[in-house]
Amino acid sequence: MAIELKPDFFDRCARQQQDVMGMQGPYAAVLGDYTLVQLVKDPDYAAARLEPFWAGHIRACLKADPTRRVISYDAGGGISVMSLKLAALLQDEIRDGRFLPVVSELSGGPEHFLEVAKALVPQHGNSYQVSVAAAMLKEFRQGVCYTETALSGNNTSVVWQGEEIDLAGGVDFIHESCAVTPWSRIPEWHILGLGRLASPRCVYAVHQDDIHELTGWMDKAGVERAQRHAGIVAAHRALQEQFGLTPVDHVEAGAFAGRPMTYRIFKGPEAPPITVG
Ligand SMILES: C[S@@+](CC[C@H](N)C(=O)[O-])C[C@H]1O[C@@H](n2cnc3c(N)ncnc32)[C@H](O)[C@@H]1O
């Protein structure tokens, strides 16, 4: 895996390390609930949302090859309401070992995170949302594999029910929202870690806002911001050149064909057309 280092990479690495040590501070806890997130801007039409697209891709992969385990990965997924929903929808497939939703959450396990989310209720809307998340966690927690590792560098394994699973080249849907891309100080490295997980049928979806609006403390002159943007551009180039992923900005099929998407998608050579509606 060749990495194109942008200026001050090692200084940014050190700052990243500090962020991770002080995890409670910089990363606000969020529910990982993408129910209302639009893939295409059309608030009246539920089929234009991310959630049915994500579930549809998993189902299509399950159908295409019934013998292969399908894996979904929400990078920085918080409490991961979306993955818990998938676990609820696909309980039989999880039990049979045919589907595995994985969530990486650097700031701790879901039980800890729920406590943090409760404390943040005033900032994050209503307590109803948190109680729904708590109920889902109680019911479907066993179906979701949580990892506290960023899965970059050489470590691409998770442990699931006693089995060590290497995710490299085996993940069919990678998602991130308000997570790796906007938070990482070294995106030229972290985003490659995600590319490394991609299977030939993979869809990697990152919100466009996360590419353009970076988060966390930055110097006033905006030097680090510029370096991080350059790192993101380099990583996206590497996703294409090293991992064979193709960028997609517009819907490719379905009722919304041709419409621009709120997400930037990279897809593997065997992924079906990006279909919405
Ligand atoms: C604001 S939360 C987003 C939670 C959830 N995705 C959502 O939108 O509801 C930010 C998350 O980014 C994750 N994160 C930040 N940098 C990361 C990195 N380099 N690798 C993996 N996850 C990272 C943290 O674990 C944290 O949970």
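Here the contact order of region 130-277, divided by its residue count and restricted to Cα pairs under 8 Å and six or more residues apart, works out to 21 percent.
Each eigenvalue of the Cα gyration tensor of region 149-250, multiplied by 5 and square-rooted, gives one semi-axis; in descending order these are 25, 16, 12 Å.
In the chain, taking the dipole from charged Cβ atoms about the Cα centre, the farthest positive-side position among Phe10, Val130, Leu151 is held by Val130. Placing +1 on the Cβ of every Lys and Arg and -1 on the Cβ of every Asp and Glu, with nothing else charged, gives the chain a dipole about its Cα centre of roughly 240 debye. The residues packed around Leu151, meaning those with a beta-carbon under 13 Å from its beta-carbon, carry a net charge of -4 if Lys and Arg are +1 and Asp and Glu are -1. Based on the alpha-carbon gyration tensor of region 61-214 and its eigenvalue square roots a ≥ b ≥ c, which shape applies: rounded if a/c is under 1.5, prolate if not and a/b is larger than b/c, or oblate? Oblate, since a/c reaches 1.5 and b/c is not below a/b.
Considering only alpha-carbon pairs that sit under 8 angstrom and 6 or more positions apart, the relative contact order computed for region 187-236 is 68 percent.
Could you compute the net charge surrounding Ile165? Neighbours are other residues with a C-beta less than 14 Å from the C-beta of Ile165; K and R count +1, D and E count -1.
Details: positive: Arg68, Arg69, Arg98; negative: Glu163, Glu164, Asp166, Asp172.
That works out to -1.
All C-alpha pair distances within the chain, sorted into 5 Å bins from zero, spread as 1, 6, 13, 17, 19, 18, 14, 8, 3, 0, 0 percent across the bins.
The alpha-carbon atoms of region 161-212 define a convex hull whose volume equals 100 cubic angstrom per residue. Checked against a 28 Å cut-off, the cross-linked pairs Lys6/Lys85; Lys6/Lys267; Lys63/Lys267; Lys63/Lys85; Lys41/Lys267 give Cα-Cα distances beyond that limit for Lys6/Lys85.
By the beta-carbon count within 10 Å of each Cβ, the least crowded to most crowded order of Met261, Met136, Met218, fewest first, is Met218, Met136, Met261.
A short reminder: the numbers here are calculations on the coordinates, not readings from a lab. For clarity, every value in this text was computed on a predicted model and none was experimentally measured. Virtual Cβ from ideal backbone geometry, glycine too; neighbours counted across all protein chains shown.
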